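Okay, so here's the structure we're looking at.
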């Protein structure tokens, strides 16, 4: 049996735990005012891969944190990711009709409800982060600062979204492209890995290794996503394929070509794996996640 | 000299401290990506009364908290209020062109930037709450839970906004109207008062008194706002007067008439003042704030 075959069930189990936790934490669909709660659940349960929670959970497990903390932490991170998708899909931004093969939130529930459902998911995420069980209050506020910095501005996810919007209107340099990727998707992925390590109260040495892993994985993920957008069909992607090109958005394949983009992504995954060397076989799940990111594009 | 004359300078000074703190905490207007930072500053510095920060600061001061905690706490609460206004003004929601006499955020910067500027203010607010100086981490997470509950769903601000949107389409009962007011504006005002008390690590007895004060003030504020909307001119309001009526939104004057609404608001302010009796003259600023709310409508 390969290491891959051994770790997959553990990852699938983590995904199942996160889904149960999300169901427990989100307001019931029949709770007043229903529309926003139905909209939140529509987007949360639209078939996401739960990559961010799994990164947090497996990083935390590696360094000794308990699932009692890691599973709600993962659920909060997935709420944040979903809020960003809901707002990103809005007509004023990417104007997408499909996400993960389902109607986007505003297509299913209207724009007003979608905006407020996104706001509600972000708000609930911070509430969950502020009530993580079995975590010292000290670690709690550290974690909230880490996450808020990663998803805000000037260095986090929102800054990346704004920079991406602005870059659509002009020719994009490589420096701008890397900045956008680092902020728009990289910062949250890095924060997920670091959040797991912080929940474990990991010493700085471990935190540094996991941070490096998170940064490499974050950029590899974005390049893979760009590649899928060029290579994939709409059916496989669950969103409109080739969508990034007509708007002449900044992508790796556009700047480097497909083969060179693949090579860069593979190199990043190798570097991510190397950062985990000290942990030996215990880091198999995190290695598996890194491999999975580029498997889809080869 | 009347008590009113004595406390006004203290309140004005608190307002000045909050403005300086907001300027310190918000990303600079020339920081990349500039559009979102300019949009955040546009809406934050559009001339708000800073009612929410002042409620938090004066409640905290009454119970012995230090300005070093209360001023950034107040700034975070104002960011949350401003984010809610930016999203509420969007075309998909209230579709307002003016706010506090200035173009609304989306009119000045476009819808995409306005949505993201609101998101960024909410995110920054939680970051600031997680790094309040001279506050134990324990009090920090308590405060974040309090605020997140007050502005989320099913009992907080977002629930109130959704309920308000839905109520526009049908005839509104008094029960629904009170529920909307309590959630849409009341919950955050109440949380501001409680946040000040929590920052002071106030005993439960004090917290209960201030909570009662906050609830009465919150409802009085909303009734006064409804009255101003009927009575005021666009110039005085800085937004379109009479705007709530054509959409047949739920308001107190619509259900009770102007005179009876005034009477209810005055009674609420009297009850708010009564809740502070135990504090004698030290509670003069909080009494002054309660009086101010209805002075505008008489």
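The values are calculated or read from the model by the stated rules, or taken from the named source; none is laboratory data. Just so we're clear, the structure is a prediction, and the values are computed from it rather than from any experiment. Cβ: placed from backbone, ideal geometry, glycine included. Neighbour counts: every protein chain shown.
For the range B:17-41, a tally of residues being within 14 Å of chain A (Cβ to nearest Cβ), buried (at least 24 other Cβ atoms within 10 Å of the Cβ) and touching a residue at least 60 places away in the same chain (Cβ under 8 Å) returns 3. Looking at the range B:52-61, can you tell me whether even one residue there is under 30 Å from residue B:209 (Cβ atoms), at pLDDT 95 or above and not in a helix (DSSP H, G or I)? No: zero hits.
This table checks each residue for (1) surrounded by fewer than 19 Cβ atoms within 10 Å (Cβ to Cβ); (2) in a helix (DSSP H, G or I); (3) at pLDDT 95 or above.
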{"residue": "A:210", "(1), (2), (3)": "no, yes, yes"}
{"residue": "A:213", "(1), (2), (3)": "no, yes, yes"}
{"residue": "A:216", "(1), (2), (3)": "no, yes, yes"}
{"residue": "A:221", "(1), (2), (3)": "no, yes, no"}
{"residue": "A:236", "(1), (2), (3)": "yes, yes, no"}
{"residue": "A:240", "(1), (2), (3)": "yes, no, no"}
{"residue": "A:244", "(1), (2), (3)": "no, no, no"}
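Considering every residue within the range B:107-119, establish whether at least one is on the phi > 0 side of the Ramachandran plot and surrounded by fewer than 23 Cβ atoms within 10 Å (Cβ to Cβ).
Yes, the range B:107-119 contains at least one residue that is on the phi > 0 side of the Ramachandran plot and surrounded by fewer than 23 Cβ atoms within 10 Å (Cβ to Cβ).
When residue B:93 is tested against (1) more than 7 Å from chain A (Cβ to nearest Cβ); (2) touching a residue at least 24 places away in the same chain (Cβ under 8 Å), exactly one condition is not met: (1). Checked against (1) away from every other protein chain (no Cβ under 13 Å); (2) under 16 Å from residue B:123 (Cα atoms), residue A:189 passes all but condition (2).
Only one of the numbered conditions (1) at pLDDT 95 or above; (2) outside any helix (DSSP H, G or I) is not met by residue A:47, and that is (1). Of the residues B:14, B:68, B:10, B:75, the single one that is outside any loop (DSSP other than H, G, I, E, B), surrounded by fewer than 17 Cβ atoms within 10 Å (Cβ to Cβ), in contact (Cβ under 8 Å) with a residue 24 or more places away in the chain and touching a helix residue (DSSP H, G or I) at 6+ places or on another chain (Cβ under 7 Å) is B:10.
Pairs are defined by a Cβ separation below 7 Å, a sequence spacing of at least 6 or placement on different chains, a first member in the range A:223-240 that is more than 18 Å from residue A:266 (Cβ to Cβ), and a second member that is assigned to a helix (DSSP H, G or I) and at pLDDT 55 or above; the pairs so defined are A:237/A:228. Condition check for residue B:164 on (1) surrounded by fewer than 22 Cβ atoms within 10 Å (Cβ to Cβ); (2) in contact (Cβ under 8 Å) with a residue 40 or more places away in the chain: one failure, at (1). Can you tell me which residue among A:98, A:77 is out of contact with any strand residue (DSSP E or B) (no Cβ under 8 Å at 6 or more places or on another chain), under 27 Å from residue A:133 (Cα atoms) and away from chain B (no Cβ under 11 Å)? Of the residues listed, the single one that is out of contact with any strand residue (DSSP E or B) (no Cβ under 8 Å at 6 or more places or on another chain), under 27 Å from residue A:133 (Cα atoms) and away from chain B (no Cβ under 11 Å) is A:77.
Does the range B:104-112 include one or more residues that are part of a helix (DSSP H, G or I), within 7 Å of another protein chain (Cβ to nearest Cβ) and more than 20 Å from the chain's Cα centre (by Cα)? Yes, some residue in the range B:104-112 is part of a helix (DSSP H, G or I), within 7 Å of another protein chain (Cβ to nearest Cβ) and more than 20 Å from the chain's Cα centre (by Cα). Filtered by the rule that a residue be surrounded by fewer than 17 Cβ atoms within 10 Å (Cβ to Cβ) and under 30 Å from residue A:202 (Cα atoms), the range A:42-65 gives A:49, A:64. Evaluated against (1) under 16 Å from residue A:39 (Cβ atoms); (2) buried (at least 22 other Cβ atoms within 10 Å of the Cβ); (3) at pLDDT 95 or above, residue A:99 falls short on exactly one condition, (3). Of all residues in the range B:120-169, those satisfying the criterion of being within 7 Å of another protein chain (Cβ to nearest Cβ), closer than 23 Å to residue B:37 by Cβ and part of a loop (DSSP other than H, G, I, E, B) are B:130, B:131.
Exactly one residue out of A:115, A:86, A:54, A:44 is more than 18 Å from the chain's Cα centre (by Cα), within 20 Å of residue A:151 (Cα to Cα) and either in contact (Cβ under 8 Å) with a residue 24 or more places away in the chain or more than 8 Å from chain B (Cβ to nearest Cβ) (or both), and it is A:115.
So is residue A:167 farther than 25 Å from residue B:142 by Cβ and modelled with pLDDT under 95 or not?
Criteria met by residue A:167.
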